[in-house]
1. Quick one: would you say Thr212 is out of contact with any Leu (no Cβ under 6 Å at 6 or more places or on another chain), assigned to a helix (DSSP H, G or I) and under 20 Å from Ala101 (Cα atoms)?
2. Any residue at all in the range 154-175 that is part of a strand (DSSP E or B) and more than 26 Å from Ser245 (Cα to Cα)?
3. May I ask you to verify whether Asn298 is of a type outside the set (Gly, Ala, Ser) and under 20 Å from Ala517 (Cβ atoms)?
4. State whether the residues of the range 426-435 include one that is part of a loop (DSSP other than H, G, I, E, B) and without any contact (Cβ under 8 Å) to a residue 40 or more places away in the chain.
5. Show me the helices (runs of 4 or more DSSP H) entirely contained within the range 333-415 in which 3 or more residues are closer than 30 Å to Gln445 by Cβ.
6. Residues in the range 299-312: is at least one in the same structural domain as His372 (by TED's automatic domain parsing), surrounded by 15 or more Cβ atoms within 10 Å (Cβ to Cβ), more than 30 Å from Ile399 (Cβ to Cβ) and basic (Lys, Arg)?
7. Would you be able to say whether some residue in the range 459-473 is closer than 21 Å to Ala539 by Cβ and either in contact (Cβ under 8 Å) with a residue 24 or more places away in the chain or in a loop (DSSP other than H, G, I, E, B) (or both)?
8. Got a sec? Which of Leu287, Leu260 is buried (at least 18 other Cβ atoms within 10 Å of the Cβ) and not in a helix (DSSP H, G or I)?
Amino acid sequence: MRREVKYGLIGGSVALVVGVVGGFTLFGGSDGASPQAVRSADAKSGDGASVPTGPLTAKEVNTTAQAFLTAWQSGDAAKAAALTDAPDAARTALASFAQQAKFTKVTLKPGTPTGDKVPYTVGAQISFKSVQTPFSYGSAVTLKRDKATGKPQVTWQPSALYPGLAKGDELRTGEAEAPPIKAVDRNGTELTAKDHPTLSAVLDSLRTKYGTKTDGKPGVELYIHRAKAANSNQQQPDKTLKVLSQGTPGTLKTTLDATLQAAAENAVKGKKSASVAAVKPSTGEILAFANSPANGFNVATQGSMAPGSTMKIVTAAMLMDKGLTAPDKKDPCPQFVTVGGWKFQNLNKSEIPDGTFAQSFAASCNNAFIGHAKDLGDDDLTKEARDVFGLGLNWATGIPTFDGTVPVQHDAQMAASLIGQGGVRMNPLNMASVAATAQSGTFRQPFIVAQSLDNRAFAKAARTMKPDTASNLKSLMKLTATSGTGAEAMQGLSGDVGAKTGSAEVDNQDKPNAWFAAYRNDLAAAAVVPASGHGGTNAGPLVRALLAAN
């Protein structure tokens, strides 16, 4: 299930179908207008001749696209590449494309252009050892006018070869680099992309990384072989496009819980955009995650968004660690606080003038936190997030993840970070881990397959939470879950419970991103619902669905 992509027909290596592009008018004729390009009086070439400017004419688009496709199909990679804005990159890719993909009898059939974009269908015969099978797909190129010469040219992108290809990706046919896997949950229940669409990319990633560590045998496939990422946590899995011969799946056990996974998927179902994740505080095992849309980007584990007031879990721990406050200590939350020339105000200009820190935490009153900016060093929050909550460390979860970032900031930006704005970035898995650390008092790195499978090094926080801080933090989160901003979502849930809501403001967005992080006994979860409003009302029900299903 992995392979490489390079387009380009090497002379003699491919039996071409002659005349499919050449010898007929591509795109169905002329636009009925003169092919004359718009000329500017002050646009001159080196020899003084006028250089065409302005939008490409339909004829220019048709003629250049026809020449490009004709050269590509005929196996003349150099000629095709010369018609692009990146001839070296295009020539390399085109020259190796058919050879890597094991394509023969390649044909290119153009569709109807839309402005400067020209679609086409690629047809080919895949020929690998004794396997012969047809394959076809659609792609497109966009054309533009070269500023220096005025000539039309193809804007080169790897996706011209196959949709979705990025720089360094390759289309390959051959024996898969890893056998297929039969992924099972912690209880042995099989997890498939058909039953759990939101797991599709993760199952591909698990196969890429761990398929060879199972007892499976690889088959023969056409697949996209992804370029190697600089950060292994961001490595994208190879993608199977066509199975030519089946391999034998190997069983791979995960930490997921099929019941909780179904609950997570049902919780986000029908929402335009939403993500949720759950972990086991006592071990760090990832129990479930889901996204809507299910086939979209995996925000639950790879997203990078301001977490809003859910970050106050970390901030509160830091303030209590430093002895700056305590649940029953007077800690007023004024309407306005000015830091670094920025004037911060609470939602609706509310205030708690004579309240305790517990009251401000449960009501999520911003300025009780921002008011402490004057007492803090620029790196205090960064240290607490990293050294106690494990954020920003290189998590070895077993799948691609973004592990949170809390950068060192100054003045107003540092103050904004205290309430999960500024440069702070998280995703639901990060915040589920934060809730789990609050529940247990100890950071345990999230993971989806056993450490023993590949002996990878788990991230470890420098220290555990101070005992008094751990106890006080749980009391704050319990108060929030029972009588604060999280009470509506957590109503009726028994046991050891705690919660924190969040609403993260985003520029040019009418409503904030809604966040909710909570725990119940040995289960912690977090969710984000972008552009929806208050965290308790919009993200809270997603987290509750998981906590109630346990």
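1. Values: out of contact with any Leu (no Cβ under 6 Å at 6 or more places or on another chain): yes; assigned to a helix (DSSP H, G or I): yes; under 20 Å from Ala101 (Cα atoms): no.
No, not satisfied.
2. The first filter runs over the range 154-175 and keeps only residues part of a strand (DSSP E or B), leaving 154-155, 170-175.
Add one more test, that the residue is more than 26 Å from Ser245 (Cα to Cα), and what stays is 154-155.
Among the residues of the range 154-175, at least one is part of a strand (DSSP E or B) and more than 26 Å from Ser245 (Cα to Cα), which makes the answer yes.
3. Details: of a type outside the set (Gly, Ala, Ser): yes; under 20 Å from Ala517 (Cβ atoms): yes.
When the stated conditions are applied, Asn298 passes them.
4. Residues of the range 426-435 that are part of a loop (DSSP other than H, G, I, E, B), as a first pass: 427.
Then keep just the ones that are without any contact (Cβ under 8 Å) to a residue 40 or more places away in the chain; that gives none.
No; the residues of the range 426-435 include none that is part of a loop (DSSP other than H, G, I, E, B) and without any contact (Cβ under 8 Å) to a residue 40 or more places away in the chain.
5. Numbers: elements: 357-363, 367-370, 380-387.
Qualifying helices (runs of 4 or more DSSP H): 357-363, 380-387.
6. Step one: filter the range 299-312 for residues in the same structural domain as His372 (by TED's automatic domain parsing), giving 299-312.
Of the ones still in play, those that are also surrounded by 15 or more Cβ atoms within 10 Å (Cβ to Cβ) are 299-303, 305-312.
Within this subset, residues satisfying the condition of being more than 30 Å from Ile399 (Cβ to Cβ) are none.
No: the range 299-312 contains no residue that is in the same structural domain as His372 (by TED's automatic domain parsing), surrounded by 15 or more Cβ atoms within 10 Å (Cβ to Cβ), more than 30 Å from Ile399 (Cβ to Cβ) and basic (Lys, Arg).
7. As a first pass, look at the range 459-473 and keep what is closer than 21 Å to Ala539 by Cβ: 473.
Pick out the ones that are also either in contact (Cβ under 8 Å) with a residue 24 or more places away in the chain or in a loop (DSSP other than H, G, I, E, B) (or both) and you get 473.
Checked against the condition, which is being closer than 21 Å to Ala539 by Cβ and either in contact (Cβ under 8 Å) with a residue 24 or more places away in the chain or in a loop (DSSP other than H, G, I, E, B) (or both), the range 459-473 yields at least one hit.
8. Details: Leu260 fails: not in a helix (DSSP H, G or I).
One residue alone meets the criteria, Leu287.
The values are calculated or read from the model by the stated rules, or taken from the named source; none is laboratory data. All values derive from a computational prediction rather than experimental measurement. With ideal geometry, Cβ positions are generated from the backbone for all residues, glycine too; neighbour counts draw on all protein chains shown.
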